Each structure stands twice: as structure tokens, then as C-alpha cells.
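**Q** Supplied in C-alpha cells, the structure appears directly below.
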Amino acid sequence: DDNFNTVLYTGNASTNAITGVGFSPDFVWIKNRSAAQAHNAFDTVRGAGKLLYPNLTNVEYTSSIHLNSFDSDGFTVGSATSANGSGNSIVAWNWKAGGTAVSNSDGSITSNVSANQDAGFSIVTYAGTGSNGTVGHGLTKKPEWLVTKSRDSALNWSFLQINDMTTDKVMALQANNAEFSSAGSFIESDFTTTTFGVGTETPTNKSGDDFVCYCFHSVEGYSKVGSYVGNGSTDGTFVYTGFRPAFVLFKRVDAVDNWVLEDSARNPFNLNTKYLLADTSDAEGTVDLRDFLSNGFKMRASAQNASGG
């Protein structure tokens with residue numbers, strides 16, 4: 001609760017101060033559960049009012065009616081339907097980074113970084129060069145997964161998971177594709193305790209574009225990045241995390257399948273049934289999925305649990 005929290009609220013199509021986060025969030029991801037509306041992503045490094053859509057390739061949008069401010073115990077939203085539709089049920093996932101960004105020169109490309117080293121999470125902005133380079137991420141361990149988006153061009157959200165995906169393969173957050181080759185998106189050999197490497201591909205390093213990158217690594221008792229193999233059974237695969245999950249993002253790597261978002265706020269009791277798809281604007285769906293346990297989660301359906309997947 002000190003570094004991540006999910007809040008549920010009802011929209012009012014007007015100014016709406018959302019509290020109960022427990023801290024001033026640095027990264028807020030909002031989704032209207034009741035309506036087919038785009039996902040909304042905001043962070044303190046880019047600034048309130050700077051909106052990106054995780055399920056779309058759109059460029060960054062400046063808005064006065066989505067997220068208007070980051071507050072001491074939450075945030076304030078305006079009249080936009082996607083963030084505050086009248087009478088709609090809304091979910092917001094909130095992460096704490098490091099507050100005001102600082103300049104970082106650990107890599108060959110200077111970055112601005114807000115890092116929460118204890119929680120293994122940082123927000124990074126940098127300017128693309130079009131050439132192989134390194135970017136400082138502000139953490140004390142090598143990022144295990146990160147997602148990067150151009151703020152100026154309609155390009156993929158490029159997602160890389162170190163160690164558990166095939167080398168030189170990435171996935172697009174806004175698409176349901178399986179992993180695909182993109183050797184020039186990230187340079188995995190340049191991932192260190194201080195930097196990550198970007199190549200010549202435009203989704204991560206287009207010359208002249210400004211980029212944002214969200215970096216994560218596992219922290220014992222708090223967060224876990226990993227993979228598993230499905231068994232196709234209602235007595236499904238058990239995945240150990242070392243704690244009861246509060247938020248889980250799933251994606252099948254080796255086949256076309258949606259990105260699935262679940263959390264313990266919308267699913268306080270087992271069996272978990274409520275889900276959202278990160279790569280679509282769909283409203284919340286309901287189907288038998290899995291159990292959240294004290295030390296991980298267990299698959300209870302074929303969804304995200306296909307045999308051999």
C-alpha cells in the first residue's frame with residue numbers, strides 16, 4: 001500500500017477529487033469499467049494533463065478535462081468520459097515513483113528520471129537519437145520489464161521482458177500479437193543496474209521524438225516479473241509470487257491473445273471473475289479466471305492457461 005494502490009470510484013462528469021490512494025501517485029492508469037472508452041495513462045514526469053492511451057498508438061494529447069492534478073492522497077479528474085463518465089464505474093491503478101524528476105547522465109542519452117528504488121519502479125523520459133544508445137533508469141537493479149512509447153509519433157508501445165522472452169523479441173502493449181522480432185528496439189546487452197539499451201528502431205528511439213519509459217524489476221514481497229506454462233485445466237498452473245497479488249498483467253507470449261488486467265480491488269474474493277483488456281477499449285468483462293492466493297495465483301480456466309502456452 002505504500003507504493004501501489006488500486007482505487008475504485010464513480011464518475012460525475014465534473015471536477016472529481018479522488019482520494020484513498022494513500023500517497024501522491026506518480027503514475028496513474030485509469031479505465032472506465034462501464035463503457036468502451038480508451039485507457040488513460042498519466043505521470044508526474046510528463047505532467048498532469050499529458051495523456052497517453054495504452055491501448056492506442058496515438059501521440060501524447062494535452063487535455064484539460066482528463067487528469068487535472070496529482071494530489072497528496074490521489075488525483076483530480078475532469079469531465080472526460082474515459083476518466084470520469086457520469087455514473088460510470090472507474091478503476092485507477094496508482095504507482096509511487098520518486099516524485100520530481102532529476103536529470104540522469106548514466107547513459108549516452110541524457111534522461112529525466114523519477115525513481116522509487118525500494119519498489120523497483122521508475123519513470124524515464126528521453127529524446128530519441130536514431131542510433132544505438134544507453135539510457136539511465138535510476139534503479140539499483142537491471143529492469144526485468146519495461147514499456148516505451150513515443151510521445152510524438154503514432155508508434156507501438158514497445159514491451160520487453162528480460163530473460164523470459166526470446167532474445168530480440170518484443171510485444172506491443174496496444175496489440176494482441178505474439179512476440180515478434182525487433183532486434184533494433186532494445187539492446188539487451190546494454191541492460192545494467194544503471195542503464196537500458198535502445199537501438200535504431202523508431203518505436204523506442206526515433207530521432208527527434210520524445211519518449212517515456214516505465215521500468216520495473218522484482219522486489220521480494222512486493223512485486224514479481226515472470227512467466228509460466230499453461231496446462232489447459234480448471235485445476236490450473238500455480239504461479240508463485242511470494243505475496244498475494246494486488247495487480248496482475250497477463251499476456252500469452254507465443255500466440256495471439258489479449259493483455260488481461262486483474263486486481264484485488266475489483267476481485268476481493270476468489271474466484272476472480274472481473275477483468276479488463278489492456279489492448280482494447282472494451283468495458284469490464286466477467287468470466288471465471290483464477291484465484292489470488294497468499295503466495296501467488298492459480299489458474300482456474302483456459303483463459304491465459306492454454307495447454308503448453
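**Q** Strands (runs of 3 or more DSSP E) wholly in segment 1-61 with at least 2 residues that are at negative phi, surrounded by 15 or more Cβ atoms within 10 Å (Cβ to Cβ) and more than 15 Å from the chain's Cα centre (by Cα) - which ones? Please lay out each step first, then the result.
**A** On the way: elements: 4-10, 16-18, 27-32, 40-43.
Once the strands (runs of 3 or more DSSP E) in segment 1-61 are filtered for at least 2 residues that are at negative phi, surrounded by 15 or more Cβ atoms within 10 Å (Cβ to Cβ) and more than 15 Å from the chain's Cα centre (by Cα), what remains is 4-10, 16-18.
**Q** Additional query: Would you point out the residue of segment 152-175, among those that are closer than 15 Å to residue 128 by Cβ and open to solvent by 10 Å² or more (accessible area, probe 1.4 Å), that is nearest to the chain's Cα centre (by Cα)?
**A** 156
**Q** Suppose we filter segment 37-75 for residues that are in contact (Cβ under 8 Å) with a residue 40 or more places away in the chain and among the small types (Gly, Ala, Ser); how many remain?
**A** Total meeting the criteria: 3.
**Q** Pairs under 6 Å by beta carbon, first residue farther than 18 Å from residue 55 by Cβ in segment 246-270, partner buried (at least 20 other Cβ atoms within 10 Å of the Cβ), six or more apart or different chains?
**A** 253/179; 264/292
**Q** Surrounded by fewer than 23 Cβ atoms within 10 Å (Cβ to Cβ), assigned to a loop (DSSP other than H, G, I, E, B), in contact with a His (Cβ under 7 Å, 6 or more places away or on another chain) and on the phi < 0 side of the Ramachandran plot - does that describe any residue in segment 142-151?
**A** Checked against the condition, which is being surrounded by fewer than 23 Cβ atoms within 10 Å (Cβ to Cβ), assigned to a loop (DSSP other than H, G, I, E, B), in contact with a His (Cβ under 7 Å, 6 or more places away or on another chain) and on the phi < 0 side of the Ramachandran plot, segment 142-151 yields at least one hit.
**Q** Restricting to segment 284-298, count the residues that are out of contact with any Leu (no Cβ under 8 Å at 6 or more places or on another chain) and open to solvent by less than 40 Å² (accessible area, probe 1.4 Å).
**A** Of the residues in segment 284-298, 4 are out of contact with any Leu (no Cβ under 8 Å at 6 or more places or on another chain) and open to solvent by less than 40 Å² (accessible area, probe 1.4 Å).
**Q** To continue, here is another question. Scan segment 124-136 and tell me whether some residue there is touching a Leu at 6+ places or on another chain (Cβ under 9 Å) and part of a strand (DSSP E or B).
**A** Yes - at least one qualifying residue is present in segment 124-136.
Yes/no per residue for (1) part of a loop (DSSP other than H, G, I, E, B); (2) at pLDDT 95 or above; (3) among the aliphatic types (A, V, I, L, M):
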| residue | (1), (2), (3) |
| --- | --- |
| 174 | yes, yes, no |
| 233 | yes, no, no |
| 239 | no, yes, yes |
| 242 | yes, yes, no |
| 279 | yes, yes, no |
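**Q** Among the residues of segment 111-121, which ones are part of a strand (DSSP E or B) and either open to solvent by 10 Å² or more (accessible area, probe 1.4 Å) or within 14 Å of residue 4 (Cβ to Cβ) (or both)?
**A** Those that are part of a strand (DSSP E or B) and either open to solvent by 10 Å² or more (accessible area, probe 1.4 Å) or within 14 Å of residue 4 (Cβ to Cβ) (or both): 112, 115, 116, 121.
**Q** Okay, moving on. Return a yes/no flag: does segment 88-104 have any residue that is farther than 28 Å from residue 126 by Cβ, touching an Asp or Glu at 6+ places or on another chain (Cβ under 8 Å) and surrounded by fewer than 21 Cβ atoms within 10 Å (Cβ to Cβ).
**A** Scanning segment 88-104, I find at least one residue that is farther than 28 Å from residue 126 by Cβ, touching an Asp or Glu at 6+ places or on another chain (Cβ under 8 Å) and surrounded by fewer than 21 Cβ atoms within 10 Å (Cβ to Cβ), so the answer is yes.
**Q** Quickly run through segment 252-277 and pick out the residues that are open to solvent by less than 20 Å² (accessible area, probe 1.4 Å), part of a loop (DSSP other than H, G, I, E, B) and more than 18 Å from residue 7 (Cβ to Cβ).
**A** Across segment 252-277, the qualifying residue is only 259.
Listed here are the residues, each with its yes/no results for (1) in contact with a Cys (Cβ under 6 Å, 6 or more places away or on another chain); (2) modelled with pLDDT under 95; (3) over 19 Å from residue 169 (Cβ atoms); (4) open to solvent by 10 Å² or more (accessible area, probe 1.4 Å).
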position	(1), (2), (3), (4)
187	no, yes, no, yes
193	no, no, yes, yes
200	no, no, no, yes
203	no, no, no, yes
213	no, no, no, no
219	no, no, yes, yes
226	no, yes, no, yes
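**Q** Among the residues of segment 234-245, which ones are open to solvent by less than 40 Å² (accessible area, probe 1.4 Å) and within 23 Å of residue 5 (Cβ to Cβ)? Lay out the reasoning, then the answer.
**A** First, the residues of segment 234-245 that are open to solvent by less than 40 Å² (accessible area, probe 1.4 Å): 236-237, 239, 241-243, 245.
Once the filter is applied, which keeps residues that are open to solvent by less than 40 Å² (accessible area, probe 1.4 Å) and within 23 Å of residue 5 (Cβ to Cβ), segment 234-245 yields 239, 241, 242, 243, 245.
The values are calculated or read from the model by the stated rules, or taken from the named source; none is laboratory data. This is a predicted model, so every value here is computed, not measured. Reconstructed Cβ throughout: ideal geometry from the backbone, glycine too, with neighbour counts over all protein chains shown. Accessible surface is based on the protein model in full, side chains and every heavy atom, while ligands, DNA and RNA are left aside. Shrake-Rupley method; radii C 1.70, N 1.55, O 1.52, S 1.80 Å.
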